[in-house]
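The values are calculated or read from the model by the stated rules, or taken from the named source; none is laboratory data. Predicted model only: the values in this text are computed from it and were never measured. Every residue, glycine as well, gets a Cβ built from its backbone with ideal geometry; the counts of neighbours run over all protein chains shown. Only protein heavy atoms, including side chains, enter the accessible area calculation; ligands, DNA and RNA are left aside. Shrake-Rupley method; radii C 1.70, N 1.55, O 1.52, S 1.80 Å.
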Amino acid sequence: MKSESLPHDPYADIARYYDLEHDPFEDDIDCLMNFVVSTGDPVLELGAGTGRIVAAIAEAGYRVTGIDTSAPMLATARARLEAGGAAKRATLLELSMLNAAEAPGGPFGVVIASLNCLQHLTTIGEQRQALRQAWEALDPRGQLLIDLMNPTPAALTALDHQLVLEGTFSDSDGSTVQKFSTRRISPAEQLIHTDLWYDVTAPDGSLRRLTTAYAMRYVHRAELELMLETAGFVSWEIYGSYDLDPFEDHSDRLLVAAEKS
């Protein structure tokens, strides 16, 4: 998912490899689906990417709209929906979350900003605008679900100036893909500057490297609560895990379920 503050789509060249890492991740699906089941459709996902969550919602029989600014990521999402037979219940659109209220299919019962999506907006003004747009996109009974990293000092220190091999994957064409990352934390701006590269070794032994870079803005609990209030939300619950455990000092996630009215 691309922030409007970036001059290019950082996922354009790596969209093919995104799902090698993220497809197996299902920790959040049951949690999000429980809210969808209890509140009802239609559903809007901000930063839908390659459609991992959109497809799960559509395949469960609910109407869903997914927006993203990365055309290559959305192309993968469309292929996923077609393969799963759920394309008729889903709408995908190249649209920024800064304009989420323009998404077709609303008003929505649930708006989802999953897996650090909001952090791709790199200023507090953009993040506030996205939350207000989500508020406007919801129907009066609606809920906004936000899933963010909990930026504890330990978590940020573990990321800062580390060179990491994030995984080794096998691609469908027989290639071996290794994903590397390095990140730099800027506390003054609450930014995580990320450089990624993928080393792709073909079956014949030839090697090519794909690189990309982007920034993400982390958010603390009190700051997020203030942004929710100024966006118009009237109440919210904050959890520390996908099992909806209480939010504590060392929780891995900052998970919010906010009510419009």
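Given a 1.4 angstrom probe, I'd like the percentage of the accessible area of the chain that is carbon and sulfur, rounded to a whole number.
Whole-percent figure for carbon plus sulfur exposure: 50.
Using 0.36 nm per residue of separation minus the Cα-Cα distance, give me the extension gain between ARG78 and ASP171 in nm, one decimal. Present the calculation step by step, with values, prior to reporting the outcome.
Working: separation 93, 0.36 × 93 = 33.48 nm, distance 1.96 nm.
Gain on stretching ARG78 to ASP171: 31.5 nm.
Give a residue-ordered list of calculated ³J(HN,Hα) values for the stretch 247-261 (Karplus: 6.51 cos²θ - 1.76 cosθ + 1.60, θ = phi - 60°; whole Hz; x for Gly, Pro).
Couplings: 6, 10, 3, 10, 4, 6, 10, 10, 10, 10, 10, 10, 9, 6, 8 Hz.
Quote to one decimal, in nm, the extra length available between GLN178 and ARG141 on full extension: 0.36 nm per residue of separation minus the C-alpha distance between them. Numbers along the way, then the final one.
On the way: separation 37, 0.36 × 37 = 13.32 nm, distance 4.46 nm.
Result for the pair: 8.9 nm of gain on full extension.
For semi-axes √(5λ) of the Cα gyration tensor in Å, the choices are (i) 24, 22, 18; (ii) 29, 23, 16; (iii) 33, 21, 19; which was calculated from the structure?
Calculated semi-axes √(5λ) of the Cα gyration tensor in Å: the matching label is (ii).
For the residue pair ARG128 and ARG208, what label-to-label distance in nm results when each label sits 7 Å from Cα along the Cα-to-beta-carbon direction?
So the two model labels end up 4.5 nm from each other.
Give me the number: length gained by fully extending VAL37 to THR157, i.e. 0.36 nm times residue separation minus the C-alpha to C-alpha distance, one decimal in nm. Display every interim value, and only then the final one.
Values: separation 120, 0.36 × 120 = 43.20 nm, distance 3.78 nm.
Full extension of this stretch gives 39.4 nm more.
Would you kindly derive the ³J(HN,Hα) couplings of the stretch 168-185 from the backbone phi angles with the Karplus curve 6.51 cos²θ - 1.76 cosθ + 1.60 (θ = phi - 60°), listing them in order in whole Hz, with x for Gly and Pro?
Couplings: 10, 10, 9, 8, 5, 8, x, 6, 9, 10, 10, 9, 10, 8, 9, 9, 10, 8 Hz.
Between GLU21 and SER261, take the C-beta separation as r, use R0 = 41 Å, and let me know the FRET efficiency to the nearest 0.05.
On the way: r = 38 Å, r/R0 = 0.93.
For GLU21 and SER261, the calculated efficiency is 0.60.
Along the Cα-to-C-beta direction of GLU189, a point sits 7 Å from the Cα; which residues of the stretch 90-134 have their amide N less than 11 Å from that point?
Within reach of a label on GLU189: 122-123.
Among 185-198, 97-110, 165-178, how do they line up by average Cβ neighbours within 10 Å per residue, starting with the highest?
Values: 185-198: 15.8, 97-110: 20.3, 165-178: 13.0.
In descending order of packing, they fall as 97-110, 185-198, 165-178.
Provide the net charge surrounding ILE238, with neighbours chosen by a C-beta distance below 12 Å and charges set as Lys +1, Arg +1, Asp -1, Glu -1. Show your work: numbers first, answer last.
On the way: positive: ARG221, ARG253; negative: ASP147, GLU225, GLU237, ASP245, GLU248.
Here the charged neighbours net out to -3.
Starting from the Cα of SER241, step 7 Å along the direction of its Cβ; do the same at THR201; then give the gap between the two resulting points in nm.
3.7 nm
About the Cα centre of the chain, how large is the charge dipole given +1 on each Lys and Arg Cβ and -1 on each Asp and Glu Cβ? Please answer in debye to the nearest 20. Don't jump to the answer; show the numbers that get you there.
Numbers: 20 positive and 39 negative charges, 117 e Å.
That gives a dipole near 560 debye.
How would you rank 82-92, 206-216, highest first, on the average number of other Cβ atoms within 10 Å across their residues?
Values: 82-92: 16.4, 206-216: 14.2.
In descending order of packing, they fall as 82-92, 206-216.
Counting DSSP beta bridges in the chain, what percent are antiparallel, to the nearest 5?
Numbers: 42 of 61 bridges.
Of the beta bridges lying entirely in the chain, close to 70 percent run antiparallel.
Let me know the charge dipole size of the stretch 1-145 about its Cα centre in debye, to the nearest 20, where only the beta-carbon of Lys, Arg (+1) and Asp, Glu (-1) is charged. Show your work: numbers first, answer last.
Values: 11 positive and 20 negative charges, 72 e Å.
In debye, rounded to 20, the stretch 1-145 gives about 340.
Give me the 1.4 Å probe accessible area per residue for the stretch 1-84, excluding ligands and nucleic acids, in Å².
Values: 3290 Å² over 84 residues.
In whole numbers, the stretch 1-84 has 39 Å² accessible per residue.
Can you give the net charge of the other residues whose Cβ lies under 12 Å from the Cβ of ASP13, counting K and R as +1 and D and E as -1? List each step's numbers first, then the result.
Details: positive: ARG16, ARG208, ARG209; negative: ASP9.
For residues surrounding ASP13, the net value is +2.
So what is the 222 nm mean residue ellipticity for the chain from helices alone, if each DSSP H run of at least 4 adds -39500 (n - 2.57) and you divide by all residues, rounding to the nearest 500 deg cm²/dmol?
About -8500 deg cm²/dmol.
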